Every structure is written in C-alpha cells, then in structure tokens.
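**Q** Quick one: the structure is below, and I'll ask about it shortly.
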Amino acid sequence: MYSLFTLNSRYGDDKDFDGCAIFGMMNLQGKRFPSREPVRAISNMHERGNGLGGGFALYGLYPEHEDDYALHIMYLNKEAKEKIEKLLHKSFEVIGCEEIPTKKANVLNPPKVWRYFVQPIVEKMSTKTADDYVLEKVMRINTETGKAFVLSSGKNMGVFKGVGYPDDISEFFCLEEYEAYMWICHGRFPTNTPGWWGGAHPFNILDWSVVHNGELSSYGINRDFLEMHGYKCTMRTDTEVLAYAFDLLMRKQKLPIGIVSSIIAAPFWDDIDKMEPKQAQIFRALRQTYGSLLMNGPFSVIVARHGEMIGLTDRLKLRPLSAGIRGDFFYLSSEESAIRLVSPFLDKSWNPRGGEPVVARLKIGKLVEVLAK
Amino acid sequence: MKSYLPPEYIVYRDHERCTRCHVCIEQCTYETHYYDAKDDKIYSRDNNCTNCQRCVVFCPTNAISILKNPNTFRENANWTQEAILAIKKQAETGGVILAGMGCDKPFFTIWDRLVLNASQVTNPSIDPLREPMEIRTYLGSKPDYLEFEYNNNDVALMTKVAPQLCLETPIMFSALSYGAVSLNVHESLARAAAECGTYFNTGEGGLNSKLYGYGDHAIVQVASGRFGVYKQYLDVGAAIEIKIGQGAKPGIGGHLPGEKVTEDISRMRMIPIGTDALSPAPQHDIYSIEDLRQLICALKEATDYSKPVSVKIAAVHNSAAIASGIVRAGADIIALDGVRGGTGAAPRVIRDNVGIPIEFAIAAVDQRLRDEGIRNKASIVVAGGIRSSAEIVKAIALGADAVYIGTAALVAIGCTVCQKCYTGKCPWGIATTDPKLSRRIDPKVASKRLVNLLLAWSSEIKEIMGGMGINAIESLRGNRLHLRAVGLTEAECRILGVKMVGE
Amino acid sequence: MGYAEELVADIGQKFLSRVMPKGSVYSVEASGLHYRDLNTLLRALGNNGAKKIEVHNIYGQRYIGTGFDQKIIVELFGTPGNDLGAFMSGPKIFVHGNAQDCCGNTMDGGLIVVHGHVGDIAGYSMRDGKLFVRDDVGYRAGIHMKEYRDKQPALVVGGTAGDFLGEYMAGGVILVLGLNSENEKFRARYVGTGMHGGIIFVRGEMSNLVSGVKALEANEEDMKFVEGLVREFCFYFGLDVDDALDGKFIKITPVNLRPYGNLYAY
C-alpha cells in the first residue's frame, strides 16, 4: 500500500498550504456552455497563482453516459496502468474507456490520463451502496501503486487538472471541445509539490469537487476525525479534508448545507449564548459533537456537486469571495474583477459574509434558487 | 495585596569605600539608592534593583557590588525559583508577564555544539594580515544565468540583475524600533553602518527625518502597524523589509508600552501620546501566501522596482516551506529570526517557548531552497542571539548570506542585558525614549563603539576563514563540510546537514 | 502637441496606441494591459503634465495609483484590482464601478471615491486623505487608522460595514451612514476593538458594543463636523444631504488610551 503522502509532500512537510484563485460559474437552467468564459475568468487572476497548478471540474460533461461513473485516472507509468486496469475490470463493469485527448501546451511533465465509464459489479457490492463501493475502490486505486491517481469519480462530470497555469491546463486537455452547465476552476500557488499533477485542485470524490484558497490551521484534528470515520487522508492537503468533510456530513449523514456550514464555520460561543434557547441548543450540540470539524484558519471554498454550487468562507472572513448573478448565470470568484470580465453587467453583485454559505441550486425543470443564509 | 515576591538582587555596598558622591543615586532610574542624612550613609532598596550594573560601573571607588539574592525557595528542579515567582506575580496582578531581550533558557544554543575546520598540510592556510581576504557580500535576487551580446570585440551584458545591497562585512544591525530604543541609539547605528559599509534596520517605528542622510544605509521596515510608512520613507531607504514576525515573539505583534510613547514617538507613529503602541499580530493585508506576494509587488510598484524587498519571519516549525513560499512570492531577501532573538517587550512565556533555534532554521531553509532549485532567488539573513564572530562564520557555513545583530550591538553600546527594556527606564539610556535618559548615549561615542565591534569581528572572521584556507566568503557560504557537530544526535546532525566530529 | 515625443521617451512606442487625448484629458484603453505597464503609463502621463486621465476597461489590474504623489485626477471605468491607491498621497481617484480588497492601503493623502462597494481591508493604516464609498465596505475596514495634527484621514461609507471595523484605530474618522439598509440595525461585531484614538460615527442603531469603547449620542458639535463630511460625500454621489443626516448618530470613542494597559505585569 502506498501513501500518496511522499508524492504529495516531497519534503515531509506537515501538509501543503495553498495561496490561490477560485472561480465558479453555473447556468441555473442546467444549460451547458463552453469553456471560454470560465477559462478567461480564472486566467484573469494569474497574480494569485504561480503557474504550478490549475484545474477545472465540469458538470454535465458526459450526457451520453449520464448514469455511469466516469473515472478520470492519471498514470505515471505503464505498469501502473496495467495494474489499475486489472483492478477496474475485477471490480467494475467497464462500459467504455479511452485516453483523454490532449494537445501540446505549456505544462510540466504531463502524465497519461484515461477515462473509464463504469458500473459496480452488483454481486460484489454486498451491503454497500454504489457510491460507497466506488469510494472504497477509488481509495484503493489511489494507494495501490503510488503511480496512479483518480482525478474524479462522479457521474456525468469530470476533473481536468495539473501543473501549469489554468489556461495552459485548459489548452492541454482541449477543454474548448467540452460543454458543461457548471464549471469550477482553480489557479494554484503551491510551494512544495511542483511536479505532482495530483496535487492540483479541484479535489474530487464521487461527484463532490472542491476548490480552496487558504490554509487550515486545524488540519491535524480535522484529518484525525475524518480518519476515525473511515476516510484515508492520503494527500495531506486541506482540500482533501474539506471534500471528505462535505461527503461525510452531506451525503452520509444527510445534513443540509445550512447546518454543515454551521459546523465548518461554527458561530462563536458568545453568539450562541445570545441565541434563543432552542436555537442555542442546536448550535451547542453541533459544536460539541462536531467540534473537530471546525475549520480554523483562512479559507474560501467552492464546493460543487450535481445541481448545486456552494461558496463558503471562514467565520472571520479572512479570504475574499465575491458572488454575482446575471440572468441565468451564477458566479463565485476570489476577485470580483474576474466575474466582471466575463459579465460586465450583473443583476446583483455582493460579497457574502464570513461563515455564511452562498448556495445556487438547480431543480430538475425550470426552478432556480439562490439563497444566502 | 501584600507582595510575596522577595528581591532578586541584593545591593552590597562597602561603606568604607563609599564617598557619598551620590553618583549612584543620580544614575539609577529605579530609585534603588537613597541618602540617609542622619546616618550620612547611602542605603539601597533591594527590591528595585534590576542588576543593570550602571551604579557599579560609575561608582568612582568600586564600592558597589550586586549580588544574586542567596535567599531562594527550596531547591526544586521542576518548581524553579522563576516558575514559583511567575505564578505569584500573576496572582498579584492578573497580568501577562513581560520581559525584554531574548530567551535566556539554557536549551536552545546549538552554536556551542558546532566546531570549525582549519587547514593542515593538504591546503595552506592564508594569513589575512598580509594577503587579500574578501568578506564583501551582496544581498538580493540573483539571476539563473547571464546572457551576453557579442559584437566583434565588444561584450555587453544583456541580463538585468535585480537591485542588490552591498555589504562590506556580512554583519548588519538588526531591527530596533525608534520607541523601543532612543533616537540617539538609532543615530549611532546609522553612523556606524555608514562608516563600515553595511546597513541598519529601522525597526517598526519609522525613520526620524534627522536620519534621512543615512538612508543609503537603511533598511526600512514595514510592519503590521505600518508606523511611519509613507512614500518618502520607502524612497529614502536602500531596501524595504516586510516584517511578518520576530524570533522573540513569533505570532504576535510589536509592543511598545505607553510609558515610552513620548511627543516625538506620537508624531512618528501618529498615535496619541501615552497610549500603548501595539502592532497587530498579523499584517492585516497578509492572510495567505498570495497576499504576501501582493504586498511585495505593491511595495515594488511604489518604489519603481528600484530596491530589494526583504521579508522577515520568525523561525518556526515549517520555516522551510514558508521560506519557499516567500521566495516564490517575489522576495529578494529572507530574514530568519531564531528563538534567541531580542525585543524591547514580549510576554515572557512566548519569548521562552515559541520559535525554534536559528541554527536548524538556516540549515532547513537553505537546504530546501537548494532542493527546489531556487536558492539563488533570495539571500538569507539570519538573526537571533549571535554572540561572537565564530557564530557568524558558523551561520554562513550553514547557509546564511549575512547576519543581523541586535543584542550584541546594544551590548557594545553599553547594555548589560538586564531584561527590563519594557519599563522605559533604561539607565544606560538605550531602551528608553525619555529625553533626559537618552542623553546618556552620545551618538559620536556609541557609534565608535559599534564600529570597533564590527572591525574586531570582521578581523576575527577573516582570521578564521584564513585558517580554513578560504579567502572569499562565497567559498564559505553553505559549505557545511567546514563544520562538525559535537554532542548532537544523529537526527540533529542530519537536519543540520553536518557530520559528527571524527567522520 | 508635443506630448507624443515626451511620452515616447518615457514609456515606449507600444503604449502610445492606447492613449488618446480628448482636449486636456487623456483617455487610456486598459484592457489586456498588465498592471505594471498600466501604472508606468499613468505615471508617465502624470509626469508629462496630464491633469486628468480616464482609464477604460479595467478588469482587476492591481496597484493602480500606488505610490503616486502627483496631483492628478484619475477616472477609472471597470473593476480595479487589489491595493488601489496604496501608499498614495496626491491623486483624486474616481472609480465608476466596484473596487476590491485593500483599497486605500496605507493611504497618505488624496481622495478615492468609489461609485459602488469595496472589498475587505479598506483604508488599512490610512494616515491622511479621504476614502468615500457609496455602498458597503467589507470586513476590517479602517484598521489602525492614524492621525497627527493636520493629517486627519476620513473613511465614509454610504452603506454598511462588516466586522472588525476600526480595529486598533489610533486616529482619524470613520463614518457609516447605512443609507441602503433602512430597517436593518448595524450588524457589525467587534467594532473598534483595541481602539486607542480616533472616532467612529454610525447613523442609526447599533448593538454589539465591545468593552473598551463607549458609545454616546453625537452632540451638536459632533454633528457640525459630521455634516461637513456628509456634504462632501453627498456631493460626489449626488445624494440628498438631509436624507443622509436623518436620524440620530452614535459616536464611538475609546474608553481609555491604554485599552490593554492592565493586561501586562511589569
């Protein structure tokens, strides 16, 4: 079993820290749109990155494989590919597979990236849900060879990321050929893993993708809590812990986003004491139970899953986040100027408060809903 | 509340020698001595004595000695005198205990465990008194390579080298803010730096306009309180230093007690007289690595990219990764301040418990930047209780480009490290802004003492280098092979990148 | 006209195509221009006698006006990036759009008028000059503002402000008018923590007072001062002065000069 730790942290740092730019764009009607605007926006924030990481998560990417799990897997060598494909065939029905088309671009040491459309083999699932089964296999793949890594494992979505500026990554992966109804993007400023493509954002498990700006000073205990719940934090990054936390709280424990943000960006005790008794009781219990998931330290994150894009900052608002709406389009960005670049006129533009989530949701049909709690 | 705190020191006076000249009474700022007309004797209030040695030095007949109070609590390796007294003091005041200068605990000095090499037989040692010995150092970002244009017999340099600071000796004066020390001390440091071809650092209190003439030798600091920061300040300095933290108090901001905020300090820092000048803990526009880059670029924009920008951090656990981030953010110089770094005021628990020894920090940062292939992009300056020229040589061998001295410079001027800087009553006239006390430092005299120190240390550095068979400091920098460790564990040796003696 | 020759010497031929004189005003097309080139261009125009410059299509360029001490008027169209007017002391900058973080960082004079909102850390360590924001400011506005004699900075906010307003304030004035939130109380928490100088005025109700500051109703003399500032503010945004002065104003000042004087044992 290989830990990705050494790949991801060549110098044995406690963990990675990231200065970054994040951007999200969603069509609230679920209409798919091309790469031009998201790439333009994230590229406008070059100053926040240093060219050593960029990435995109696209939702609504594979409509012809809507119900299949789309695994994007990167390989550092042939042996790893052979081994992993054996594993895939043992655990899944592989409906389709191909190398993701790329073209020459200004990126550093690109690995080979393949995509597989799979379904779990029902007999092997025992009592697990399909999602948990896939999650387990993904963690297995990530630790099997030390030379292969799953970039994304959701349905009808995919992550493209690597070492280079976001616009170069976009060019490398030919993103201009794709359309999606939701794009989340990231430009990175890492310091310790310049060569490792897996370290870039977005981080993904199932259909959760996370892009993140900041550093969690509570990382150690967040990680320990999640490992107690069965997640293997092999990447040693803040983003991994955020993604697992959302998966645990929202998918497994089925808590709504309002409660999840009150766990991750919990209100101060002083404020809880001032609340109405019933409300205070809830928040007190949340902090008592989930205190280890309180995320301390500056952060702004965009978390996406099918039909939903969530923006959240830490309770002291130490990192910037801007939101905007124009017609059917919803935007989140580290800097407002990136939104204005692709949409100079906005129906509404605001900077959300610290610790309060901004959620954009699309319902099947026409209804759209944006709530800022 | 009755105080349970016994005096730390006892003033012993030989009454036979004492001539009742009253010098001790005038010199002491703590009102320790007093004259009893009835007895015609001078007595002392032991409780006030801080062991600053001012009266001892100035007594014309050597009549005074300061003795450690032999009256101590029962010996206890765990419940030491200091631990017990601290608790009693806090029980009396409910306050955070302040201290001055640097960490005084025995555990953190690695210098004493490193020995230096010398040449014998296989390589001749060099005599610096007769042969050239170069210790000039340039601080700033160096390019990866140089490009030239060749035109017939003419060669022209195409690459633009980033702005550099030129040091004639690898020793600079560390950041001492105007407010923590007096204007006379600032002037003394400025003069000495100018005379010796090196630099002094303004610290976070700004630069008094009287010293603008020394701007070419000043590193102006931009700290979290942004005291005294405006365009002319940035233009006058030779380099700008962004202060993220300092070794004496990593993670918290500067602290200038209200006692030291006089009319002139109020003017310089633009805060009301008598108020505490507390610098915020973080710089409020730097919450993440890309924010640091933003401030570095803002300062370079404001000064038209004409001078190097330095970033000073306290040496903490992940200094190597942080340093890598700082270099990638565009800093030309990184200043590392170890746990022994001094200060005018810091909570004692932070001074003594937070931060790591500078020796490990230099080795870790130097090695990490080399591993990432970016060591040339920034120079490393180290600080934190450098006590002798041997330590400077060891620091450079571990990877530093130059050192900052703070405590040592003040000791040269007259300080005796009594650690009471935060009271503002420094009898030596150093750590005070009281105009009357400040006059005790004459910049002409004090700067001469500093120049003497730099000259003496520079000579010693040259002697040591000569003994190693090196005549240029570039050959010493990062050359760990000239160091061996005595009495360190294997892990410590590995982190320092230094072999054990005998190997 | 002569300016062309001088500009060429300063900034190179390639930027000339972006500059168009319109009478005594220079208009600059900024789209796609890197901030370093944009600032060099603005400085060159200022050095060559420009009194007013318009800059169009700004999308996130940082440090505009950083370190400028020339007395020029700059009109910005678009969304300027972080650190607008940092360390500046001369210009009058008008932003026709929103600005981002660190607007007026360590400002030492001059004027910035924003027809919209700004991000966080506005007016950090301001030493002089005026920053007028029509809508909201974010978190940590006016941290450690300072003053000395005739150097009196002022931050006036037409909308509301976020937490930590005026943290560590040592001088100057912050004025929050709440013109866009008629029925909402001023929600910011930790207003004026560590304050040891300066004054914060808030129009309307506020709760969440920290210890270390006292809040009194502004008296007649205070209101004379506030009125002067409000008139100036309203002039730039075409707002009604009476509306802006309607209701009571709370004046927040430090309780004592040494809010942390008792924290330490000497």
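**Q** Mind scanning B:K243/B:K444; A:K112/A:K137; A:K348/C:K130; B:K394/B:K462; A:K31/A:K81 and naming the pairs with a C-alpha gap bigger than 24 Å?
**A** Checking Cα-Cα distances, B:K243/B:K444; A:K348/C:K130; A:K31/A:K81 exceed 24 Å.
**Q** Identify all aspartates and glutamates with a Cα-Cα distance to B:K499 below 18 Å; exclude those on the same chain that are fewer than 8 residues away in sequence.
**A** Straight-line reach from B:K499, under 18 Å: B:D112, B:E359, B:D366, B:E391, B:E490.
**Q** Also, quick follow-up: What are the aspartates and glutamates whose alpha-carbon lies under 18 Å from the alpha-carbon of A:K104, with same-chain residues fewer than 8 places away excluded?
**A** Candidates past the 8-residue exclusion: A:D167, A:D168, A:E171, A:E176, A:E177.
**Q** Can you list the trypsin sites (Lys or Arg not before Pro) in region A:243-284 that are in a DSSP coil and have 13 or fewer other beta carbons within 10 angstrom?
**A** For trypsin sites (Lys or Arg not before Pro) across region A:243-284 that sit outside H, G, I, E and B with at most 13 neighbouring Cβ atoms in 10 Å, the list reads A:K254, A:K274.
**Q** While we're here: Using a basic spin-label model with each label point 7 Å from the Cα along Cα→Cβ, how many nm lie between B:A456 and B:R494?
**A** For the pair B:A456/B:R494, the computed spacing is 4.1 nm.
**Q** Alpha carbons only, please: Rg and Dmax for region B:385-503, in angstrom.
**A** 18.4, 58
**Q** For B:N76 and B:N48, what does the FRET efficiency come to when R0 = 35 Å and r is the distance between their Cβ atoms, rounded to the nearest 0.05?
**A** Once rounded, the FRET efficiency stands at 0.80.
**Q** From the P(r) of region B:9-95, can you give the percent of Cα pairs sitting at distances over 18 Å?
**A** Summing the P(r) of region B:9-95 above 18 Å gives 51 percent of all pairs.
**Q** Would you be so kind as to identify which of B:Y178, B:W79, A:A130 lies farthest towards the positive end of the dipole of the protein assembly as shown, taking Lys and Arg as +1 and Asp and Glu as -1 on Cβ and the Cα centre as origin?
**A** Projecting each Cα onto the dipole axis, the largest value belongs to B:W79.
**Q** Let me ask something additional. With only Lys, Arg, Asp and Glu charged, each at its Cβ (+1 for the first two, -1 for the last two), find how big the charge dipole of region A:188-343 is about the Cα centre; round to the nearest 20 debye.
**A** Roughly 160 debye, rounded to the nearest 20.
**Q** Give the Rg (one decimal place) followed by the Dmax (whole number) of region A:170-240, computed from C-alpha coordinates and expressed in Å.
**A** Calculated on Cα positions, Rg and Dmax stand at 14.3, 42 Å.
**Q** Here's a follow-up. Extending each Cα 7 Å along its Cβ direction at A:E66 and B:N153, get the distance between those two points in nm, one decimal.
**A** 8.2 nm
**Q** Could you tell me how far the Cα centroid of region C:95-133 sits from the Cα centroid of region A:137-206, in Å?
**A** If we compute the Cα centre of each part, the gap is 38 Å.
**Q** Select from A:V138, A:V342, A:V301 the residue whose mean-square fluctuation is largest in a Gaussian network model of chain A (Cα-Cα springs shorter than 10 Å).
**A** Result for chain A, Cα springs under 10 Å: A:V342 fluctuates most.
**Q** Follow-up. Hey, if you put +1 on the Cβ of every Lys and Arg and -1 on every Asp and Glu Cβ in chain A, which of A:A21, A:I121, A:I263 ends up farthest toward the positive end of that dipole?
**A** About the Cα centre, the residue reaching furthest to the positive side is A:I263.
**Q** Which whole number of Å³ per residue matches the convex hull of the alpha-carbon atoms in region B:138-500?
**A** 146 Å³
**Q** Please order A:E64, B:E8 by the number of other Cβ within 10 Å, starting at the fewest.
**A** A:E64, B:E8
**Q** Cα to Cα, under 24 Å, and not fewer than 8 places away if on the same chain: which lysines meet these conditions relative to B:K68?
**A** Within reach: B:K2, B:K41, B:K88, B:K89, B:K105, B:K420, B:K425.
**Q** Another question, then. Counting alpha carbon pairs within less than 8 Å and at least 6 residues apart, what relative contact order, in whole percent, applies to chain C?
**A** 9 percent
**Q** Now a separate question. Per DSSP helix of 4 or more residues, -39500 (n - 2.57); summed, then divided by the residues of chain A. What does that give at 222 nm, rounded to the nearest 500?
**A** Computed ellipticity for chain A at 222 nm equals -7500 deg cm²/dmol.
**Q** Additional query: For the charge dipole of region B:138-500, defined by +1 on Lys and Arg C-beta atoms and -1 on Asp and Glu C-beta atoms about the Cα centroid, which residue among B:T343, B:Y305, B:I392 has the Cα displaced farthest towards the positive pole?
**A** B:T343
**Q** Report, in debye and to the nearest 20, how large the dipole of region C:45-185 comes out about its Cα centre when Lys and Arg carry +1 and Asp and Glu carry -1 on their Cβ.
**A** Dipole magnitude for region C:45-185 comes out near 460 debye.
**Q** Taking the alpha-carbon centroid of each part, what is the distance from region B:57-129 to region A:38-92 in angstrom?
**A** Here the two parts' Cα centres lie 58 Å apart.
**Q** Could you put A:L249, B:L165 in order, starting from the residue whose Cβ has the fewest other Cβ atoms within 10 Å?
**A** A:L249, B:L165
**Q** Once each part is reduced to its C-alpha centroid, what is the distance from region B:268-282 to region B:169-216 in angstrom?
**A** Comparing the Cα centres of region B:268-282 and region B:169-216, I get a distance of 20 Å.
**Q** Provide C:S31, A:S217, B:S319 in ascending order of the number of other Cβ atoms located within 10 Å of each residue's Cβ, fewest first.
**A** Taking fewest neighbouring Cβ atoms as first place, the list is C:S31, A:S217, B:S319.
**Q** Taking the Cα centre of region B:138-500 as the origin, how large is its charge dipole in debye, to the nearest 20, when only Lys and Arg (+1) and Asp and Glu (-1) carry charge on their Cβ atoms?
**A** Once rounded to the nearest 20, the dipole reads 1000 debye.
**Q** Within 10 Å of each candidate Cβ there may be at most 12 other Cβ atoms; applying that plus a DSSP loop requirement, which chymotrypsin sites (Phe, Trp or Tyr not before Pro) in region B:1-77 survive?
**A** Passing both the DSSP loop test and the Cβ count: B:Y4, B:F73.
**Q** With loop defined by DSSP as not H, G, I, E or B, and exposure as at most 12 other Cβ atoms within 10 Å, which is the longest segment of chain C clear of exposed GluC sites (Glu not before Pro)?
**A** Longest gap between qualifying sites, sites excluded: C:1-181.
**Q** Would you list the P(r) distribution for chain A, with all Cα-Cα distances sorted into 10 Å bins from 0 and each bin expressed as a whole %?
**A** Over chain A, the share of Cα pairs per 10 Å bin runs 5, 26, 36, 25, 8, 1, 0 percent.
**Q** What three numbers, in Å, describe the spread of the alpha carbons of the protein assembly as shown along their principal axes, ordered from the longest?
**A** 105, 84, 80
Bear in mind these aren't lab numbers, they're just calculated from the coordinates by the rules spelled out. What you are looking at is a predicted structure, and each value in this text was computed from that prediction instead of being measured. Because the Cβ atoms are built from the backbone with ideal geometry, glycine has one as well, and the counts that use them run over all protein chains shown.
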